[in-house]
1. For the chain, what relative contact order do you get, as a whole percent, if you take Cα pairs closer than 8 Å and at least 6 residues apart?
2. Given the DSSP H assignment, sum -39500 (n - 2.57) over each helix run of at least 4 residues in the chain and divide by its residue total; what's the result at 222 nm in deg cm²/dmol, nearest 500?
3. Name the lysines eligible as straight-distance cross-link partners of residue 329: C-alpha to C-alpha under 22 Å, and not fewer than 8 places from it in the same chain.
4. Cα-based Rg of the range 198-261 per 2.2 N^0.38 Å, rounded to two decimals?
5. Considering only the chain, what is the antiparallel percent among its DSSP beta bridges, to the nearest 5?
6. Less than 11 Å Cβ to Cβ from residue 356, Lys/Arg counted +1 and Asp/Glu -1: what total charge do the surrounding residues give?
7. Tell me which DSSP H helices of the chain clear both cut-offs, 30 Å or more of axial length from alpha-carbon atoms and a mean Kyte-Doolittle hydropathy of at least 1.0.
8. Going Cα to Cα from residue 269, which lysines come in below 19 Å? Please leave out same-chain ones fewer than 8 positions away.
Amino acid sequence: MSNVVTAVAMIATAGVAAQWLAWRFQLPAIVLLLAAGALAGPVTGLVQPDVQFAGLVQPLVAVAVAIILFEGGLTLNFHEISGTSKAVRRIVFIGAPIAFLLGAVNAYYVAELSLWPALIFAGILVVTGPTVIIPLLRQAKLAKRPAALLRWEAILADPLGALIAVFVFEAFLVASGQHHADTLLMRIALALLLGLAGGWFAGRALVWAFVNGHVPEYLKIPVILTTVIGTYAISNAVLEESGLLTVTMLGLALGNSRIASLGEVKRFKEIMTILLVSGVFIILTASLEPSALVSAFEPRTLAFVLVLLFVVRPVSVWLATIGTGLGAKERLLVGWIAPRGVVAVAVSGLFAGLLVGRGIEDGARLVPLAFSVVVVTVIAHGFSIAPLARALGLSSGGGAGLLIVGANRFTVALAEKFGQKEIPVLVSDRNWRRLRHARNAGVPTHYGEILSEVAEHTISLAPYSHLLAASDNDDYNALICTNFGPEIGRSEVLQIGRDDTEGAQHRQLMVTLGGRPYLASCGGIEGLDGLLAQGWKVSATTLSETYGKDRFLEARAPEAISLFLLSAGGKLRPEPDLSQDTLKPGDTVFSLVPPEKDG
């Protein structure tokens, strides 16, 4: 028991540490997870899942993958697919069969697998995998359309690839006389019916129960988890791995509903998915034998992976997306990005055992081949997606950026200065008249309720590192910050005019409600607008080798108010303490300065 607990603790610690390092140094998290698993397993032998968890590895991984796919379906909203729906359908229903046929030829002639393992492995590699795509998209900050296309493909293709592999294996059983053809057709039809109709019906049943108050708030997430695992198990009892389709449809049905607690459910599922992805990758990598790592460098294995990267994927995407309205740059990006993840490895492990048990010896090569594909594609795509997106002009930014809620004299002046420094900025207000000055100043604007579902589907948060709630209603500002805190970051949502000098009880409430106090001593928006009416202005000063910190502070008015510091590296920091901070050439200081010190 102690060995099992120790192994679980090591896996959890390594997973979270890898995720944190990835965030801290802007590296692909999956690459670090693979490295952590290799160090814990084949290299040091500290974690041995097959020994410590006995026969539980496969079922635990299977349940984790089901929950991951459900969470992926939960994040897919039909409103988001507008503009990419045709491309998604083509890639999934035309590109996947093309990739399957080309992949089978590649596996048979280049990897030198026998016929049935080659066909099954080609089906498995149809998947791209939300377990790797979603972390990459979070890191790369792609433009909205290619990001939506890659996410939809990853989540819809995962169950499709697994089902193709299942159908090929069932065909192998028919060809070898172990099954009858009519039995196979009946099981396929029943599996598709359960997967599509059953998953959707289960999702709508949950929505009905939640909307009509038949499930209390504290039981909603346990009920959802139980439904996910239950429907997955029922579908798998009919046809192996068909449960992946069921849980994906379940997530789609729930994610496209209008239930009040859907936001909390999504956040909980996202946290769970991060933990599950981390754990599963480390467990599967730690399960590898050292010989499997060595086999990844065999010439035929490397040749197989290179053909997969530079022929199979690009050709299938380019052929599938003809006439879809995607530009050449978008097709190039999507045709390159196709990392494989947990599902490919887990399903490969399942069929490797089944094939070897039926006398197909080279079926054992599926797992090391799958890991080779995962390692190479994760590293290649993980390190190239952000630079390639920037080079093609398909990046949404992802550095410093400010989303401002509330149009007034101060916020328009601040947004105008941000725009002059080419920092992404957007001013949102539900009052058309208040946005007039922002429109006249050429500042990007959004007219409407920022908390509405329409805004959720039309405003991408990727370009913005901070949010400033600056309306004239303090309660509304607090609501804005509370809502966007989990998305942007609790310490990056700013509430203007909020007083942080209250008692301890009030400060404790502020931890969970509202945002970080910003310019608390300036009297709120009324005070700031009053200063601008008196002739104060927002200035932006960029330091240089000749005009450094000392000269800047000497020339700066003592009563000037520090607003933001934009470092030369692109990091934005609100209300910097200029006397204590180390300012470097290239840093830009945004200040509110009195008339006599303007500029």
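Quick note: the coordinates plus some simple rules give every number you see, no bench work behind them. This one's a predicted model, so the numbers in the text were calculated from it and none came from an experiment. Neighbour counts are summed over all protein chains in view; Cβ atoms, including those assigned to glycine, are modelled from backbone coordinates with ideal geometry.
1. Details: 963 pairs, mean separation 86.6, N = 599.
Relative contact order, the chain: 14 percent.
2. Details: 27 runs with 351 residues, N = 599.
Value at 222 nm, helices only: -18500 deg cm²/dmol.
3. 86, 141, 144
4. Values: Rg = 11.7 Å, N = 64, 2.2 N^0.38 = 10.7 Å.
In units of the 2.2 N^0.38 Å rule of thumb, it is 1.10.
5. On the way: 15 of 32 bridges.
Roughly 45 percent of the beta bridges in the chain run antiparallel, per DSSP.
6. On the way: positive: 358, 365; negative: 361, 362.
Summing Lys/Arg as +1 and Asp/Glu as -1 gives 0.
7. Values: long enough: 2-25 (34 Å, 1.10); 144-175 (46 Å, 1.23); 217-238 (33 Å, 1.06); 262-286 (35 Å, 1.31); 366-392 (35 Å, 1.87).
Membrane-span-like by this rule: 2-25, 144-175, 217-238, 262-286, 366-392.
8. Once the sequence-local lysines are set aside, what remains near residue 269 is 220.
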